Amino acid sequence: MRFGAHAFVWAPDWSDEQARRAASGAAEAGLDFLEIPLLDPAHFDLQGTKRLLREFGLGATCSLGLPVQASLPERPREAAAFLGEALRAAAELGSPVLTGVIYGTLGGAEGHPPRQDELAVVAETLSGAAEQAASLGLRIGIEPVNRYETYLVNTARQGLELIRAIGRGSVFLHLDTYHMNIEEAGFATPIREAGSDLGYIHLSESNRGIPGEGNVRWEEVFSALAQVSYRGDLVMESFVAPSPQLARATCIWRPVTERPGDVVARGLPFLREQARRAGLPVS
Ligand code: MN
């Protein structure tokens with residue numbers, strides 16, 4: 001199984017300097033890949049990033065949240081174009097996935113529960129994106145996030161419903177332990193219910209800080225992953241260095257830890273050990 005980490009563990013943007021910081025940090029930590037946020041895929045340095053990944057022997061996965069000007073369900077045409085651009089960039093970078101909040105904009109609360117007509121627009125738009133993904137050899141992921149960041153998909157069950165509505169094989173569920181800690185009744189049941197639909201997981205502590213030093217029940221997480229024979233990517237996510245845009249969208253108003261270095265120095269070995277103990281085939 002591959003172990004990776006989100007670029008925001010090291011770098012708040014993807015300028016040459018920050019991208020190099022993230023890549024060298026990930027390589028030094030012995031990771032297999034970096035999750036790269038494609039927040040502006042039209043202006044992303046694809047060739048420079050490919051060179052950088054090669055230099056450090058890293059793979060990539062790609063994630064995003066839709067920007068306001070291409071949000072769902074309000075702007076399906078713009079969203080489809082944005083996702084198309086991001087899919088092409090992800091394919092170029094060799095990422096097997098485009099995942100995250102690809103169904104909406106982070107921080108957008110509408111003041112009402114999601115309506116059927118809104119979810120239908122989301123499903124229809126993502127069905128087109130899934131078809132394009134499949135033609136590029138990629139899959140797309142749906143990451144449920146907590147109620148304060150979206151009103152559309154908060155739980156694993158809602159994510160699975162959306163996947164069924166999209167109705168294509170190239171779509172998987174992407175769970176995140178930080179959001180699960182807020183929205184789910186425990187960690188095992190959602191993982192078991194997702195089963196083979198689970199294709200990606202963000203291992204993120206309850207305060208977005210150092211994995212193993214918060215309220216997430218890690219043994220429950222990993223034993224459920226072992227139980228469903230999960231073989232997707234394992235991705236440490238901590239917002240030590242989020243972009244200002246993402247910090248605002250996810251309400252990070254202070255450092256997530258006083259010891260940012262310990263996210264990698266302590267959090268990563270902790271997660272690896274938990275995975276090993278549960279019997280997952282990690283290196
Ligand atoms: Mn996440």
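Every read-out reported here was derived from the displayed coordinates using simple, explicitly stated rules and does not represent laboratory data. Being a predicted model, the structure only gives us computed values, none of them experimental. Here the Cβ is made from the backbone with ideal geometry for all residues, glycine too, and neighbour counts use every protein chain on show.
Efficiency by 1/(1 + (r/R0)^6): what FRET value for S135 and R54, r their Cβ-Cβ distance, R0 = 30 Å, to the nearest 0.05? Don't skip to the answer; put the middle values down first.
On the way: r = 25 Å, r/R0 = 0.84.
Step by step, r from the Cβ atoms, then E = 0.75.
So what J values fall out for region 66-73 if you push phi through Karplus, 6.51 cos²θ - 1.76 cosθ + 1.60 with θ = phi - 60°, rounded to Hz, Gly and Pro as x?
Residue by residue, region 66-73 yields 5, x, 3, 6, 9, 7, 10, x Hz.
With an 8 Å Cα cut-off and a minimum separation of 6 or more residues, compute the relative contact order for region 14-154 in percent.
23 percent
Using mean Cβ contacts within 10 Å as the protection proxy, how do 56-66, 269-279 order, highest first?
So the peptides 56-66, 269-279, ranked by packing, come out 56-66, 269-279.
Add -39500 (n - 2.57) for each DSSP H run of 4 or more in the chain, then divide by its residues: what number comes out at 222 nm, to the nearest 500 deg cm²/dmol? Could you put the intermediate results ahead of the total?
On the way: 10 runs with 112 residues, N = 283.
The helix-only estimate for the chain comes to -12000 deg cm²/dmol at 222 nm.
At a threshold of 8 angstrom on Cα-Cα distance, excluding pairs fewer than six apart, so keeping six or more, what relative contact order does the chain reach in percent?
18 percent.
What residues qualify as long-range amide H neighbours of T61, i.e. H under 5 Å apart, gap of 5 or more or another chain, H built at 1.01 Å from N?
Those qualifying (amide H under 5 Å, at least 5 residues apart or on another chain) are L34, E35, I36.
Convex hull volume of the Cα atoms in the chain, per residue, in Å³?
With only Cα atoms used, the chain gives 113 Å³ per residue.
Where nothing but the Cβ of Lys and Arg (+1) and of Asp and Glu (-1) is charged, how large is the charge dipole of the chain around its Cα centre, in debye to the nearest 20? If you can, show how the numbers build up before the last one.
On the way: 26 positive and 35 negative charges, 96 e Å.
Roughly 460 debye for the chain.
Under the definition of Cα pairs under 8 Å and six or more residues apart, what whole-number percent is the relative contact order of region 190-241?
Relative contact order, region 190-241: 52 percent.
Once you treat every alpha carbon in region 127-283 as an equal point and sum by Debye, what is log10 I(q)/I(0) at q = 0.11, 0.12, 0.17, 0.18 Å⁻¹?
For the requested q values the scattering log ratios are -0.44, -0.53, -1.04, -1.15.
Using packing as a proxy for protection, rank 245-253, 112-120, 191-199 so that the peptide with the highest average count of other Cβ atoms within 10 Å comes first.
191-199, 245-253, 112-120
Could you go through region 157-162 in sequence order and give the Karplus-derived ³J(HN,Hα) for each residue, using 6.51 cos²θ - 1.76 cosθ + 1.60 with θ = phi - 60°, rounded to whole Hz, and x for Gly and Pro?
4, 5, x, 5, 4, 5
Which length gain, in nm to one decimal place, applies between R147 and M1 when the Cα-Cα distance is subtracted from 0.36 nm times their residue separation?
On the way: separation 146, 0.36 × 146 = 52.56 nm, distance 3.08 nm.
The span from R147 to M1 would gain 49.5 nm if fully extended.
Could you tell me which of A26, G128, L66 has its Cα farthest along the dipole of region 3-277 towards the positive end, charges placed at Cβ (Lys, Arg +1; Asp, Glu -1), taken about the Cα centre?
Going by the charge dipole, the pick is A26.
Any idea what log10 I(q)/I(0) is at q = 0.18 Å⁻¹ for region 13-72, Debye with uniform C-alpha scatterers and no solvent?
Debye intensities relative to I(0), on a log10 scale: -0.62.
What residues of region 72-110 lie in the reach of a label at D117, counting those whose backbone N is under 15 Å from a point 7 Å from the Cα along Cα→Cβ?
Counting backbone N atoms under 15 Å from the label point, the list is 73-76.
HN-Hα J couplings of region 265-274 from phi, Karplus 6.51/-1.76/1.60, θ = phi - 60°, integer Hz, Gly and Pro as x?
The phi angles translate into 5, 10, x, 5, x, 4, 5, 4, 5, 4 Hz.
How much length, in nm to one decimal, is gained on full extension between R248 and Q227, taken as 0.36 nm per residue of separation minus their Cα-Cα distance?
Taking 0.36 nm per residue and subtracting the Cα distance, the gain is 3.9 nm.
Multiply the residue separation of E220 and D40 by 0.36 nm, subtract the distance between their alpha-carbon atoms, and state the gained length in nm to one decimal.
61.2 nm
Enter the Cα centre distance for the pair region 73-143 and region 226-244, rounded to the nearest angstrom.
Here the two parts' Cα centres lie 20 Å apart.
Give the Cα extents of region 21-180 along the principal axes, in whole Å, largest first.
Taking the Cα atoms of region 21-180, the three principal extents are 47, 31, 28 Å.
For M236, list long-range residues whose amide hydrogen, built 1.01 Å from N in the peptide plane, is under 5 Å from its own amide hydrogen.
Hits under the 5 Å cutoff: G4, A5, H6, L203.
Can you give me the long-range amide H partners of G104? Hydrogens built in the peptide plane at 1.01 Å from N, cutoff under 5 Å, separation of 5 or more residues or another chain.
Those lying under 5 Å, H to H, from G104 are L66, L72.
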